[in-house]
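Below is one structure, written out as structure tokens; comments come after it.
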Amino acid sequence: MSDEEFEDESSANEQEKEGEEGEEEKDPTEQEEEESLSPHLLTEEIMKGGLSLLCKTGNGLAHAYVKLEAKEKDLTDISLLQNYIHLRYVDLSENRLRDLSPLGSLTHLLWLKVDGNRLISTCLPELPYLQIASFAHNRIRDTEGITHPRLGSLNLKGNEIQVISALDPGKLTNLHTVELRGNKLETTTGLHLPKLKNLYLVRAPHLRGIMPQRVWLSASPF
């Protein structure tokens, strides 16, 4: 092989290697945007695999599954849930959800877990029987839309909340436990809740505001 042929082959190999490295070093934001373009719908097949706990319905004459676990399914759309009005316990953790509005049809919902999604808001239609809700490790920036009258425990750990707002003490009369570690809180003002007993926060010298009966302070935000 001549020196000229060797140089041409070496140059081609280097270009190929650079191309492979370029593909490997794709910007995380670009990758996320590409993923968001490919919707993943909640299907009947996923529902079939995640439903459990057969119970009587309201009139006592029929039965329906009331528990759904659909974790780590890469879901972006849960519109199908509007057809499952008897659900009481729903776990949709570790998906890619940004919209929870279909949950508004689940008027019997007691327990909700949507940790590890892409939510920027807790806004939901009022759910009259919801008692426990967990929105941990999302991208939530405020506390708008939490108006569930029977809500007792609220987990907002690991979000981007700076100020507590729109928590109506007239509606949230049963809220006794709030988890707020891993946020960017500067004050607890806005937590004027009549039954609040347990508040979980990161230990921070600048934090100010009212305090409930028991405050659990951690040196770590996680």
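The values are calculated or read from the model by the stated rules, or taken from the named source; none is laboratory data. Bear in mind that the values here come from a model prediction, so they are computed numbers and not experimental data. Note that each Cβ is placed from the backbone with ideal geometry, even for glycine, and that neighbours are counted across all protein chains shown.
Give the residues of region 62-77 that are part of a strand (DSSP E or B) and out of contact with any helix residue (DSSP H, G or I) (no Cβ under 6 Å at 6 or more places or on another chain), sorted by residue number.
We begin by selecting, within region 62-77, every residue part of a strand (DSSP E or B); these are 63-69, 77.
Listed by number, the residues that qualify are His63, Ala64, Tyr65, Val66, Lys67, Asp77.
How many residues does region 158-183 contain that are surrounded by fewer than 19 Cβ atoms within 10 Å (Cβ to Cβ) and at positive phi?
1
Quick test for you: out of Glu144, Glu72, Glu94, pick the one residue that is among the acidic types (Asp, Glu) and modelled with pLDDT under 95.
Numbers: Glu72 fails: modelled with pLDDT under 95; Glu94 fails: modelled with pLDDT under 95.
Answer to the selection: Glu144.
One line per residue, one yes/no per condition, for (1) surrounded by 15 or more Cβ atoms within 10 Å (Cβ to Cβ); (2) in contact with a His (Cβ under 6 Å, 6 or more places away or on another chain); (3) modelled with pLDDT of 95 or more; (4) under 19 Å from Lys157 (Cβ atoms):
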| position | (1), (2), (3), (4) |
| --- | --- |
| Ile78 | yes, no, yes, no |
| Tyr84 | yes, no, yes, no |
| Ser101 | no, no, yes, no |
| Leu106 | yes, no, yes, no |
| Trp111 | yes, no, yes, yes |
| Ile120 | no, no, yes, yes |
| Ile132 | yes, no, yes, yes |
| Phe135 | yes, no, yes, yes |
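Mind checking which residues of region 35-61 are modelled with pLDDT of 90 or more, loosely packed, with under 12 Cβ neighbours inside 10 Å and in a loop (DSSP other than H, G, I, E, B)?
Answer for region 35-61, where residues must be modelled with pLDDT of 90 or more, loosely packed, with under 12 Cβ neighbours inside 10 Å and in a loop (DSSP other than H, G, I, E, B): just Pro39.
Which condition does Leu80 not pass, out of (1) in a loop (DSSP other than H, G, I, E, B); (2) within 29 Å of Asn59 (Cα to Cα); (3) in contact (Cβ under 8 Å) with a residue 24 or more places away in the chain, if it passes all the others?
So Leu80 meets the others, but not (1).
Condition check ((1) in a loop (DSSP other than H, G, I, E, B); (2) free of Cβ contacts under 8 Å to residues at least 24 places away in the same chain; (3) closer than 17 Å to Pro102 by Cα; (4) hydrophobic (A, V, I, L, M, F, W, C)) across all residues:
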site	(1), (2), (3), (4)
Thr122	yes, no, yes, no
Glu126	yes, yes, yes, no
Ala133	no, yes, yes, yes
Ala136	yes, no, no, yes
Arg141	yes, yes, no, no
His148	yes, no, yes, no
Ile161	yes, no, no, yes
Ile164	yes, no, no, yes
Leu167	yes, no, no, yes
